[in-house]
Amino acid sequence: MAEYINPDYVPEPEKMNVKKGLEGAVIDTSSVSKVNAETNSLVYRGYPVQDLAENCSFEEVAYLMYNGELPNASQLADFTKKERGYREISTTLLNVIKALPQKCHPMDSIRTAVSFQGCEDARIWDSTPATDMDKAIQLLAKIPTMVAADYRFKKGLDFIPPKADLSIAENFFHMCFGKVPAKEVVKAFDVSLILYAEHSFNASTFTARVVTSTQSDLYSATVAGIGALKGPLHGGANEQVMHMMIEIADPAKAEQWMIDALAQKKKVMGFGHRVYKSGDSRVPTMKKYAQVMADVIGDQKWMKMYNSLEKVMVEKKKIYPNLDFPAGPAYYMMGFEIDFFTPIFVMARTTGWSAHIMEQAANNRIIRPLSEYVGSPQRKVTPISERK
Ligand code: COA
């Protein structure tokens, strides 16, 4: 149904401060990360994301998310041991993933699998900080196993169990493809996980915080976050970028494709951002590693297309690529199926979600905003026999 607005509606000036899409609205305080649109910067707990990507592993960043500080060597060893010990998922859950319809999108699979994991956890209603921390590490460890299991089953292949002597990135390649690729490829993937880990009050994180604010559990908040991330205006954009590039097919056609798309007022996936208006701070790092992937596979097609599309969009509209623009082709060049790009984003963003869920729970007030009513004025119910 189209939006109905009562024609006699008289705006009440003091209530008309509607911020459509909550643009510019400061909802709460947070110490997890800061997006600074003026300087195009993003810091996780005070550390610039580019620094973290070049100098840390995804595991160190996950620890930082959960604990507020980077780990020292022995803290990282303990954390890694715990995470690796949690990677296996139950046979029942494996069978649930296997039983999902072949055509269901992997984001629907991971949403279902995380929900099922919550059903299996007897501590689901225990939201004490120590238990939530443990659940967060369990999700960090198990989500890659769930995604990889779905990846294998959708291709009619057998599940490959996780290995405890590999990093999260290496183990994911192992579980999907049965082997770990060259170091540069693993690094490019690890960097993508770091860059995708956290991004302040984005739509899925805000969703997770809203669910947490009702004193619901960490799994429910994560499932809600996955639902929000799936949309093409949010995490789903990395898949759409690659579909678009495949549709364009030839780098020589990219410039004209973009000119036509803009003339038709199309929303071009992988461009634009609610907060950044002159460039996404994560893009240069991810672009660098997408280029590494192009060099590894010895094919510059996607990077040439990347550069042409970006050039026209920036010249004509001053709209810059967001992280999904380089991440899409990077994952494609790593060999992943396109509809697994957003579930990979989930593997990373579970860290940011959990950090925000724990932060919300520690200082909670139910999130309950207002709306401005523009519907029908108050009226009386007519008995059904008298209704026309
Ligand atoms: N392609 C073409 N034009 C775009 C655009 C895009 N990707 N993103 C923004 N614009 C234009 C809009 O058409 C609008 O122009 P107008 O003022 O002439 O109507 C203007 O820029 C503002 O865009 P708007 O959609 O109002 O911004 P928003 O803050 O509500 O939305 C996004 C932000 C990210 C949802 C939006 O840029 C988008 O849809 N991008 C594509 C999806 C994507 O890559 N999402 C991943 C985000 S990390």
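May I ask you to list pairs of residues, at least six apart or on different chains, whose Cβ atoms are under 6 Å apart, with the first in the range 181-196 being under 12 Å from V283 (Cα atoms) and the second being part of a helix (DSSP H, G or I) and not hydrophobic (A, V, I, L, M, F, W, C)? Short answer, once both residue conditions are applied: V191/Y289; Y196/R349. Applying the condition of being among the charged types (D, E, K, R) and in contact with a Ser or Thr (Cβ under 7 Å, 6 or more places away or on another chain) to the range 233-259 and asking which residue is most open to solvent (accessible area, probe 1.4 Å) yields E255. Being surrounded by fewer than 21 Cβ atoms within 10 Å (Cβ to Cβ) and more than 15 Å from the ligand (Cβ to nearest atom) is a property that Q291 has.
Results for (1) closer than 20 Å to L52 by Cα; (2) of a type in the set (V, I, T); (3) in contact (Cβ under 8 Å) with a residue 60 or more places away in the chain, shown as yes or no for each residue.
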site	(1), (2), (3)
M303	no, no, no
K318	no, no, no
D324	yes, no, yes
V374	no, yes, yes
S385	no, no, no
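Test K230 against the criterion of being open to solvent by 60 Å² or more (accessible area, probe 1.4 Å) and either near the ligand (Cβ under 10 Å from one of its atoms) or over 18 Å from the mean Cα position of the chain (by Cα) (or both), and give yes or no. Judged against the criteria, K230 is not a match.
In the range 61-82, the condition of being over 18 Å from the mean Cα position of the chain (by Cα), of a type in the set (D, E) and in a loop (DSSP other than H, G, I, E, B) is met by at least one residue. When the helices (runs of 4 or more DSSP H) confined to the range 263-340 are screened for residues that are within 17 Å of the chain's Cα centre (by Cα), those reaching at least 2 such residues are found at 283-297, 324-334. What single numbered condition from (1) in a helix (DSSP H, G or I); (2) away from the ligand (no atom under 16 Å from the Cβ); (3) surrounded by fewer than 13 Cβ atoms within 10 Å (Cβ to Cβ); (4) of a type outside the set (A, V, I, L, M) fails to hold for R365? Here R365 clears every test but (1). Residue pairs whose Cβ atoms lie under 7 Å apart, sitting 6 or more positions apart in sequence or on different chains, and linking a residue in the range 73-101 that is in contact (Cβ under 8 Å) with a residue 24 or more places away in the chain to a partner that is open to solvent by 40 Å² or more (accessible area, probe 1.4 Å) and aromatic (F, W, Y), are L93/F116; L94/F159.
The values are calculated or read from the model by the stated rules, or taken from the named source; none is laboratory data. Quick caveat: nothing in here was measured; it's all calculated off a predicted structure. Cβ: placed from backbone, ideal geometry, glycine included. Neighbour counts: every protein chain shown. To get the accessible areas, we keep the full protein, side chains included, count just its heavy atoms, and leave off ligands, DNA and RNA. Shrake-Rupley method; radii C 1.70, N 1.55, O 1.52, S 1.80 Å.
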